[in-house]
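*Asks:* If you scroll down you'll find the structure; I have some questions about it.
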Amino acid sequence: MAYKMEQTMRWYGPNDPVSLQDILQSGASGIVTALHHIPNGEVWTIEEIQKRKDIIEKAGLTWSVVESIPVHELIKTRTGNFKELIENYKQSIRNLASVGIHTVCYNFMPILDWTRTDLFHTLPNGAKALLFEKKAVQAFDLFILKREGAEAEYSSEEIQEIKAYYDALSPEKHQLIIDNILKGLPGSEIGYTLEEFKAMLETYAGIDAPKLAEHLKLFLDEIVPVAEENKVYLAIHPDDPPFPLFGLPRVVSVASDARRLITDQPSPYNGFTFCTGSYGVRADNDLPAMVAEFGDHIHFIHLRSTRRKENGDFFEDNHLDGNVPMVAVIDEILKVQEKRGKSLPMRPDHGHQMLDDLNKKTNAGYSAIGRLKGLAEIRGVEAALLYNKSK
Ligand code: DNO
């Protein structure tokens, strides 16, 4: 039997400028959301979960996936009251299951969630895309943050080039880079001042990638049994971008990281959010091969395409363009679904700010029309692939 992917859209809750009815009109049936108003580390109560679920169902939609229950920094560093915070995390999983929500996305990125330096990068056709500019991050690191030890990571030639870039920044661009990196993009939950960020960086002194990977394993050792008991699929989101920033360790960036995670905890409930845009930033990630290898553990899918530039920048391209071989990825997903005998929830991730949305205030990456375009294209690819298979 052929299975179509379950079409979902992210919704940031009642304050999202994109309404549930807008989402319904896109053709999606599932909602991906989180209780963003609950502070990191606190239990999501059954009452709060139920309240949100009722709103979604009243609009004719289903709450398919939680994205995300944030993992508190103290759990990642295993300091302070992290044990209590892990107990809270377990309780949130139980509470979600008790009202029928069985897929939870999360990530294990230190301090910052996803990072971009320009949220309104104008494309030649006038639409706006998310951009990661390597020099902006380096300039922030060396001359704004003035991170200790950072200089040793660059050649003197590079430092000169970065300095020239930094000196040429307008005051507005200078501020924008700081805000984009520290204030947190949609869904990031927490923003920092420069001083706070410096203090947070210190909490990672002595935590290198193997250490952070060990902390992730210890966290999974605790929560996977609870997920299993409650039939909740855990879906870790990859690092975005999938390489270290500001000397912080990364543990979910490449295929070997994914392999390690399921070797450590082979439970089918321990799995992945397969985000093509994040993994796809690295040329050494073979995305269709990863879907084939990790298919049994993929519980949620983000489809978008990034395009790498030679200078190390990347921007978010049209869903079927960029470096992600989208058709091949979808083809592999269809094979996984057939093998597993079920549909997997997928959302078109990000989208250009375009057409009428250019005149609106939108959540960066999450305007309606750009995502609708992505969803429509993905749906078309899927329909064509399924038609070919049926012949
Ligand atoms: C960005 C998103 C991330 C993602 C979290 C998952 O658009 O993909 O904010 O939700 O990293 O925990």
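The values are calculated or read from the model by the stated rules, or taken from the named source; none is laboratory data. Small disclaimer: the values here were computed from a predicted structure and weren't measured. Heads up, the Cβs are rebuilt from the backbone with ideal geometry, glycines too, and the neighbour counts pull from every protein chain shown.
*Asks:* Scan region 224-269 residue by residue and report those that are among the β-branched types (Val, Ile, Thr) and in a helix (DSSP H, G or I).
*Replies:* Val224, Val226, Ile262, Thr263
*Asks:* Next question. Please find, among Ile38, Ile31, Ile86, the residue that is under 25 Å from Ile190 (Cβ atoms), at pLDDT 95 or above and part of a loop (DSSP other than H, G, I, E, B).
*Replies:* That would be Ile38, the only listed residue that is under 25 Å from Ile190 (Cβ atoms), at pLDDT 95 or above and part of a loop (DSSP other than H, G, I, E, B).
*Asks:* If the Cβ limit is 7 Å and pairs must be 6+ apart or interchain, which residue in region 369-391 that is surrounded by 13 or more Cβ atoms within 10 Å (Cβ to Cβ) pairs with which residue that is at pLDDT 95 or above and of a type in the set (Ser, Thr, Tyr)?
*Replies:* Leu372/Ser26; Leu375/Ser26
*Asks:* Right, something else. Does Arg260 satisfy the criteria of being more than 16 Å from the ligand (Cβ to nearest atom) and closer than 26 Å to Gly370 by Cα?
*Replies:* When the stated conditions are applied, Arg260 does not pass them.
*Asks:* Can you tell me which residue in region 169-191 is surrounded by the most Cβ atoms within 10 Å (Cβ to Cβ), limited to those that are away from the ligand (no atom under 16 Å from the Cβ) and part of a loop (DSSP other than H, G, I, E, B)?
*Replies:* Leu169
*Asks:* While we're looking at this one, here's another question. One residue is enough: does region 315-323 have a residue meeting the conditions within 16 Å of the ligand (Cβ to nearest atom) and on the phi > 0 side of the Ramachandran plot?
*Replies:* yes
*Asks:* Just one of Ala213, Ala199 is part of a helix (DSSP H, G or I), in contact (Cβ under 8 Å) with a residue 40 or more places away in the chain and more than 16 Å from the ligand (Cβ to nearest atom); which is it?
*Replies:* Ala213
*Asks:* Of the residues that sit in region 80-99 and are among the charged types (D, E, K, R) and within 16 Å of Leu234 (Cβ to Cβ), which one is nearest to the ligand (Cβ to nearest atom)?
*Replies:* Step by step, filter region 80-99, then rank; the result is Lys90.
*Asks:* Could you count how many residues in region 286-323 are within 24 Å of Ser68 (Cα to Cα) and not small (Gly, Ala, Ser)?
*Replies:* 17
*Asks:* Taking the conditions exactly as written (assigned by TED's automatic domain parsing to the domain that holds Ala235 and either on the phi > 0 side of the Ramachandran plot or more than 21 Å from the chain's Cα centre (by Cα) (or both)), does Gly370 satisfy them or not?
*Replies:* Spelling it out, it is not the case that Gly370 is assigned by TED's automatic domain parsing to the domain that holds Ala235 and either on the phi > 0 side of the Ramachandran plot or more than 21 Å from the chain's Cα centre (by Cα) (or both).
*Asks:* Touching a strand residue (DSSP E or B) at 6+ places or on another chain (Cβ under 8 Å), within 13 Å of the ligand (Cβ to nearest atom) and farther than 22 Å from Gly184 by Cα, is that true of Thr115?
*Replies:* no
*Asks:* Let me ask another. Within region 52-77, work out how many residues are within 14 Å of the ligand (Cβ to nearest atom) and of a type in the set (Asp, Glu).
*Replies:* Residues meeting the conditions: 2.
*Asks:* Taking region 179-199 only, how many residues are among the aliphatic types (A, V, I, L, M) and more than 27 Å from Thr33 (Cα to Cα)?
*Replies:* Matching residues across region 179-199 total 2.
*Asks:* Right, another one. Can you tell me which residues in region 1-27 are among the β-branched types (Val, Ile, Thr) and part of a loop (DSSP other than H, G, I, E, B)?
*Replies:* Residue satisfying the conditions is Val18 alone.
*Asks:* Can you tell me which residues in region 100-112 are assigned to a loop (DSSP other than H, G, I, E, B) and near the ligand (Cβ under 7 Å from one of its atoms)?
*Replies:* Met109 - this is the single residue of region 100-112 that is assigned to a loop (DSSP other than H, G, I, E, B) and near the ligand (Cβ under 7 Å from one of its atoms).
*Asks:* Let me ask another. For region 12-45, how many residues meet the condition of being free of Cβ contacts under 8 Å to residues at least 40 places away in the same chain and within 18 Å of the chain's Cα centre (by Cα)?
*Replies:* Count: 4.
*Asks:* Filter region 54-90 for residues that are under 19 Å from Lys231 (Cβ atoms) and surrounded by fewer than 20 Cβ atoms within 10 Å (Cβ to Cβ) and give the result.
*Replies:* Thr62, Lys90
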